[in-house]
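Participant: Supplied in structure tokens, the structure appears directly below.
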Amino acid sequence: MSKPDVLQLVQDLSAGLADPVTSERFYRDVVVELGQREVLVNLALLQHGTNLATFEAPPSTLQILGVFYNDTMLSPMPQRQMEALHRAWRDRTGEPVAVIMETEGDKRFRLWPEPTAPSSTFSFPHGAPLGEDYPANGIGVLYTETRDDLPVWLELPVALLVLAREMNRESSHRDPAFAVACQQVGELVLSFSV
């Protein structure tokens, strides 16, 4: 469902009282919170060449939940533990068994050891990129995200959560009781959906 559709639903539910500018800001806030609550989760496959150890998750990433290499989930390792393991840990090569995210920034991560083989080309003859067609030496990143094209089942709860914020802010149409009701129903509908 697109962002304009959800914002139109907010307008409809508020009988035209909701401010379009603040509703859009509240929409962004709600979508970010849904990503942080792990409601909006996606998986991306990354192709890579040789001599690469550091990678970047997609731009919409809020938090990396897990990294896979050759369809095996890698163990998260703190940088300090890696340094205690071996002082030249960054120079090791082989099939990755760990992922380090602490020092590479929010959306960057490092595989350890550095992969020696490039990923195979991404072709999915059986239509199962996460099953039997998983690319050899491929990297999969499981992450929470923020986006404007929400699934249809999120339209109503997001609209209600936006409306709750709109009706709770200082304005000529403020209605705290209605805001609480919108918040509770939005959370209830969301709990049925996930």
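The values are calculated or read from the model by the stated rules, or taken from the named source; none is laboratory data. It should be emphasised that the depicted structure is a prediction, and the values quoted were computed from it without experimental measurement. No Cβ is skipped: glycine too gets one built from the backbone with ideal geometry, and neighbour counts run over all protein chains shown.
Participant: For a quick check of your reading of the model, give me the residue pairs whose first member lies in the range 9-26 and is under 18 Å from V152 (Cα atoms) and among the acidic types (D, E), whose second is modelled with pLDDT of 95 or more and surrounded by fewer than 16 Cβ atoms within 10 Å (Cβ to Cβ), with beta-carbon atoms closer than 6 Å and at least 6 apart or on different chains.
Facilitator: Close Cβ pairs satisfying both conditions: none exist.
Participant: Still on this model: Could you tell me which of the residues P59, P20 is in the same structural domain as N137 (by TED's automatic domain parsing) and either under 9 Å from the mean Cα position of the chain (by Cα) or modelled with pLDDT of 90 or more (or both)?
Facilitator: None of the other options fit; the residue is P59.
Participant: Give me the pairs: first residue in the range 156-177 and more than 11 Å from L13 (Cβ to Cβ) and in the same structural domain as S23 (by TED's automatic domain parsing), second residue outside any loop (DSSP other than H, G, I, E, B) and acidic (D, E), beta-carbon distance under 8 Å, and six or more apart or on different chains, which are they?
Facilitator: As it stands, the answer is P157/E187; L161/E187; R165/D29, since those pairs meet every condition given.
Participant: Say we look at the range 67-95 and pick out the residues that are within 17 Å of L52 (Cβ to Cβ) and under 23 Å from the mean Cα position of the chain (by Cα); which of these is surrounded by the fewest Cβ atoms within 10 Å (Cβ to Cβ)?
Facilitator: Residue satisfying both the conditions and the ranking: N70.
Participant: When L52 is evaluated against the numbered criteria (1) in contact with a helix residue (DSSP H, G or I) (Cβ under 8 Å, 6 or more places away or on another chain); (2) within 25 Å of W89 (Cβ to Cβ); (3) of a type in the set (A, V, I, L, M, F, W, C), which criterion, by number, is the only one it fails?
Facilitator: (1)
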